[in-house]
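Student: There's a structure below that I have some questions on.
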Amino acid sequence: MSTSYEPRPEHKFTFGLWTVGNVGRDPFGEPVRPPISPVEIVHLLAEVGAYGVNLHDNDLVPIDATPAERDRIVRDFKRALEETGLKVPMATTNLFTDPVFKDGAFTSNDPAVRAYALQKTMQAMDLGVELGAETYVFWGGREGTESDATKNPVEAIKRMREALNFLCAYALDQGYALKFALEAKPNEPRGDIYLPTTGAMLGFIETLDHPEMVGVNPEVAHEQMAGLNFLHAVAQAWDAGKLFHIDLNDQNPGRYDQDFRFASHLWKQAFFLVKFLEDVGYEGPRHYDAHAYRTEDLDGVKDFARGCMRSYLILKEKARQFNEDPEIQALLAEINPPVQGIPDPGAPYTRAHAEALKAHAFDRRAIAARGLAYERLDQLVFDLLMGVR
């Protein structure tokens, strides 16, 4: 493997404890790999060149740990971070695994469940801040229904709003400099999950008490599960100033949540995503929420982690080549002609400009007859990605 695509700290590549620590269990099969401890995972990620490690609360501290056990586990984890130099840029709360959350957490019909979810999240926020996290992600894994007879969707969204308003106020009261990032998913493990897309999350954020604190954490697989274009969701979040974090993986659209190695499946889509992040200057972590194939042993898990990062860096180099390719850039300039001989459609409204637009004689047939050369451009992208340019 080429050494020119080795990860460095400035790339900010991160993995969750739950990703490289995945034991290969699925709904149809038992684990194929032995569990490895959080401390061992930190050292594994340092070995493959990652920048950081992210976690749910119970990835690190078991849900039934005593206070003494909690302190010992956190102390050992901090020591591993110090030994390796890895950071903890993001943390989140597991509000989906334990049976108490079988009908959701913040949107549960049971007020005792909703109160416990708030308690658990506050404690997990405390842990995240203690470890240095600056972003806190919320994924509503069980916030949904199988039957709409069971919940009023307006009431469910109201409960979600109440929870996030409360937790924003808690963070402010504690003096935590946390950004909240909401992660959408259309379904699985629920039949339908509330706020199923990044666009839905962006609309919801504007109804909160502190929308300035809250952004999104789009995930490749989650948008593609719904048959949507992930790049467009990321671009919308960026345009809104709400791209607080991002989850990279890969997915065959229309399937279950596959969490494949980044860029292992839809290469062209991954290329345009990387190009966008690099072109706009996204400075946050590139977090891999993905899993090694169930076929792999521990060495294969390391291959998976290295592959995620290497693929990003290869596509970053391809993006640079795209931006410097004379033929591609000339074609883009031709496709995007300057405003010439017509009233500027991007100019702000004035009465005079509106009258000029209304009065202008457009030759719509001549405009429509102009070829756009998109076929040629798309083939140039393919040639570039295949290494023949």
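Student: As a check on your grasp of the helix formula, calculate [θ] at 222 nm for the chain: sum -39500 (n - 2.57) over DSSP H runs of n ≥ 4, divide by the residue count, round to the nearest 500. Each step should come with its number before you reach the end.
Tutor: Numbers: 15 runs with 181 residues, N = 389.
It lands at -14500 deg cm²/dmol.
Student: Okay, next question. Given Cβ point charges of +1 (Lys, Arg) and -1 (Asp, Glu) and nothing else, what value in debye, to the nearest 20, does the dipole of region 240-330 about its Cα centre take?
Tutor: Details: 13 positive and 16 negative charges, 12 e Å.
Taking the Cα centre of region 240-330 as origin, the dipole is about 60 debye.
Student: Could you tally the net charge around Pro89, taking each other residue with its Cβ under 11 Å from the Cβ of Pro89, Lys/Arg +1 and Asp/Glu -1? Write down the numbers at each step before the final one.
Tutor: Details: positive: Lys12, Lys87, Lys179, Arg286; negative: Glu134.
It works out to a net charge of +3.
Student: OK, next. What is the distance in Å between the Cα centres of region 118-137 and region 32-54?
Tutor: 20
Student: Continuing with the same structure: Using +1 on the beta carbon of Lys and Arg, -1 on that of Asp and Glu, and nothing else charged, what's the dipole of region 139-276 about the Cα centre, debye to 20? Please report the intermediate quantities before stating the final value.
Tutor: Details: 13 positive and 19 negative charges, 53 e Å.
Value, rounded to 20: 260 debye.
Student: Let me ask something additional. Region 366-389 to region 178-198: how many Å between their Cα centroids?
Tutor: Taking the Cα centre of region 178-198 as reference, the centre of region 366-389 is 36 Å away.
Student: If I build a Gaussian network model for the chain, linking alpha-carbon pairs within less than 10 angstrom, which residue out of Thr350, Thr93, Thr19 has the largest mean-square fluctuation?
Tutor: Most flexible of the set in this elastic network: Thr350.
Student: Right, another one. Which one of Thr145, Phe101, Met125 is farthest out on the positive end of the charge dipole of region 67-156, using unit charges on Cβ (Lys, Arg +1; Asp, Glu -1) and the Cα centre as origin?
Tutor: Final value for the positive-end residue is Met125.
Student: Just list whichever of Lys87/Lys302; Lys185/Lys242; Lys78/Lys275; Lys120/Lys179; Lys78/Lys185; Lys158/Lys179 have alpha carbons separated by over 25 Å in the model shown. Walk me through the intermediate numbers first.
Tutor: On the way: Lys87/Lys302 19 Å; Lys185/Lys242 17 Å; Lys78/Lys275 35 Å; Lys120/Lys179 18 Å; Lys78/Lys185 32 Å; Lys158/Lys179 21 Å.
Going by Cα-Cα distance, Lys78/Lys275; Lys78/Lys185 fall outside the 25 Å limit.
Student: Sticking with this structure for a sec: From the residues Thr295, Gly254, Leu178, which one has its Cα farthest along the dipole of the chain in the positive direction, the dipole being from +1 and -1 charges on Cβ of Lys/Arg and Asp/Glu about the Cα centre?
Tutor: Gly254
Student: Going by how many other beta carbons lie within 10 Å of each one, how would you line up Met386, Met122, fewest first? Working shown, then result.
Tutor: Working: Met386 9, Met122 16.
Ascending number of Cβ neighbours within 10 Å: Met386, Met122.
Student: Okay, next question. Lys358: which aspartates and glutamates have alpha carbons under 18 Å from its alpha carbon, excluding same-chain residues fewer than 8 sequence positions away?
Tutor: Hits, sequence-local ones excluded: Asp344.
Student: Counting other beta carbons within 10 Å of each Cβ, put Ile367, Ile246 in order, fewest first. Walk me through the numbers on the way to the answer.
Tutor: On the way: Ile367 9, Ile246 24.
Fewest-to-most ranking of Ile367, Ile246: Ile367, Ile246.
Student: Could you tell me which residue out of Gly241, Pro218, Ile157 lies farthest along the dipole of region 141-279 toward its positive end? Charges go on the beta carbon: Lys and Arg +1, Asp and Glu -1, centred on the Cα centre.
Tutor: Projecting each Cα onto the dipole axis, the largest value belongs to Pro218.
Student: Can you give the relative contact order of the chain as a percent, counting alpha carbon pairs under 8 Å and 6+ residues apart?
Tutor: Details: 600 pairs, mean separation 56.5, N = 389.
Relative CO of the chain lands at 15 percent.
Student: Let me ask something else about it. Using Cβ contacts closer than 10 Å as the measure, can you line up Glu134, Glu355 from fewest to most?
Tutor: Ranked by crowding around the Cβ, least crowded first: Glu355, Glu134.
Student: Let me ask another. With the convex hull built on the Cα atoms of region 1-146, state its orientation-averaged projected area in nm². Present the calculation step by step, with values, prior to reporting the outcome.
Tutor: Details: hull surface 43.4 nm².
Averaging across all directions leaves 10.8 nm² for the Cα convex hull.
Student: Between [x] 41.9; [y] 19.3; [z] 24.1, which matches mean projected area of the Cα convex hull in nm² calculated for the structure shown?
Tutor: It is the value labelled [z].
Student: Write down the percent of antiparallel bridges among all DSSP beta bridges whose residues are both part of the chain, to the nearest 5.
Tutor: Numbers: 4 of 29 bridges.
Restricted to the chain, the bridges split so that about 15 percent are antiparallel.
Student: Given charges of +1 on the Cβ of Lys and Arg and -1 on the Cβ of Asp and Glu, with all other atoms neutral, how large is the dipole of the chain about its Cα centre, in debye to the nearest 20?
Tutor: Numbers: 41 positive and 58 negative charges, 130 e Å.
Dipole magnitude for the chain comes out near 620 debye.
Student: Oh, and also: What is the calculated FRET efficiency for Asp98 to His360, with r their C-beta to C-beta distance and R₀ = 51 Å, to the nearest 0.05? Walk me through the numbers before you get to the answer.
Tutor: Details: r = 64 Å, r/R0 = 1.26.
So the FRET efficiency works out to roughly 0.20.
Throughout, read-outs are computed from the coordinates displayed, never taken from laboratory work. Since we're looking at a predicted model, the values are computed, not measured. Here the Cβ is made from the backbone with ideal geometry for all residues, glycine too, and neighbour counts use every protein chain on show.
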